[in-house]
């Protein structure tokens, strides 16, 4: 009887080892790399397109000039209305801060932080996720794409290219203002990389909150087969 219990335990061990760490899985690495490359490509292409086409003439960015003037901005332009009812405009901005312009004039800090975050994300992917955690891998890849896309801009141009402006003509009710004095409902201009970062974090938070460990569930609730085997083991000594 003990041999039957041993084979049941071995089958459990086989189930656990069937989902090894992600760093051992070619499929996991392919998912990470392909999604990250697609995200980076989409982000950089959209920025290039915007700075070529949104203003009356292509905007040429001079890195030395931008670094010398933290208030440098593209030439005045009307922008492009993308969605009706003032939902979305294309409007060119150079962001010297982080996501949505947070923390202006901290370029070196953000470069170091982004490199550290990218490294940490790769470590978490490799040893902190399993080979079959495909949704988590997509979330991590989106975070990598967003971070690398904005890092590229900070290194090459000295600031990040933004062009997406939501609700540009919508104001806060009751004459309210944000701490920076803006009365707009959403005064920040952002880019595709920012969207990828937020989407990736949302996926990771959702999957982490809903994930259940099947091994723990099996151990915590005795199965019918387990009870039969245990009874047989007791009877057989």
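Every read-out reported here was derived from the displayed coordinates using simple, explicitly stated rules and does not represent laboratory data. These numbers were taken from a predicted model, which means no experiment stands behind them. Positions of Cβ are generated from backbone atoms using ideal geometry, with glycine treated the same way; all protein chains shown enter the neighbour counts.
How fast does segment 114-183 diffuse by Stokes-Einstein, in µm²/s, taking the Kirkwood radius from C-alpha pairs at 4 °C and 1.567 mPa s? Roughly 85 µm²/s, to the nearest whole number.
Spacing of the modelled spin labels on residue 119 and residue 72, each 7 Å from Cα toward Cβ, amounts to 2.9 nm. Highest average first, the peptides 117-125, 183-191 ordered by how many other beta carbon atoms sit within 10 Å of their residues are 183-191, 117-125. When each of the peptides 149-155, 139-145 is scored by how many other beta carbons lie within 10 Å of its residues on average, the order from highest to lowest is 139-145, 149-155. Each of the peptides 64-75, 170-181, 194-205 was scored by the mean count of other Cβ atoms within 10 Å over its residues; in descending order, highest first, they stand as 194-205, 64-75, 170-181. For 33, 160, the sequence from fewest to most other C-beta atoms within 10 Å is 33, 160. Using alpha carbons only, how many angstrom separate the centre of segment 122-194 from the centre of segment 26-97? If we compute the Cα centre of each part, the gap is 12 Å.
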